1. Give me the pairs, please: first residue somewhere in region 62-76 and over 9 Å from residue 31 (Cα atoms), second residue anywhere and assigned to a loop (DSSP other than H, G, I, E, B) and at pLDDT below 90, beta-carbon distance under 6 Å, and either six or more positions apart or on two chains.
2. Would you check which residues across region 64-75 are surrounded by 14 or more Cβ atoms within 10 Å (Cβ to Cβ) and either at pLDDT 90 or above or over 9 Å from residue 32 (Cβ atoms) (or both) and list them?
Amino acid sequence: MQFDKSTRTDYLAFAVTAAPFGDVNVRQAINHAIDRAAITKRSRMGMAHRPHLHTCGAEAHDPAIPLPTRDLTLAKEYLAKSSVTPWLHDDL
């Protein structure tokens, strides 16, 4: 298998009008639970790189906003404030 450089972009998006993703605390918990470095390392046979949240020039791009870091303690705090059933919190 051969991969060449490309402009391909993969991303994760939530249907924020559907439960439980309508709850900002759930989205923030996921945001801090994701191991972006591991995903990047294993994606596209090691040829992927970790971009900013939004591509430069995109309407939502703001270079002043830092990339979220993986922080399971913070993820659990967001889940505790969320509308998600408490037994799901143990999965983190």
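The values are calculated or read from the model by the stated rules, or taken from the named source; none is laboratory data. Here the structure is a predicted model, which is why all the values come from computation and not from measurement. All Cβ positions, even for glycine, are placed from backbone atoms using ideal geometry, and neighbour counts span all protein chains on display.
1. 72/92; 76/92
2. Those that are surrounded by 14 or more Cβ atoms within 10 Å (Cβ to Cβ) and either at pLDDT 90 or above or over 9 Å from residue 32 (Cβ atoms) (or both): 70, 74, 75.
Yes/no matrix, rows are residues, columns are (1) within 12 Å of the chain's Cα centre (by Cα); (2) at pLDDT 90 or above; (3) surrounded by fewer than 10 Cβ atoms within 10 Å (Cβ to Cβ); (4) not hydroxyl-bearing (Ser, Thr, Tyr):
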site	(1), (2), (3), (4)
12	yes, no, yes, yes
21	no, no, no, yes
29	yes, yes, no, yes
33	yes, yes, no, yes
36	yes, no, no, yes
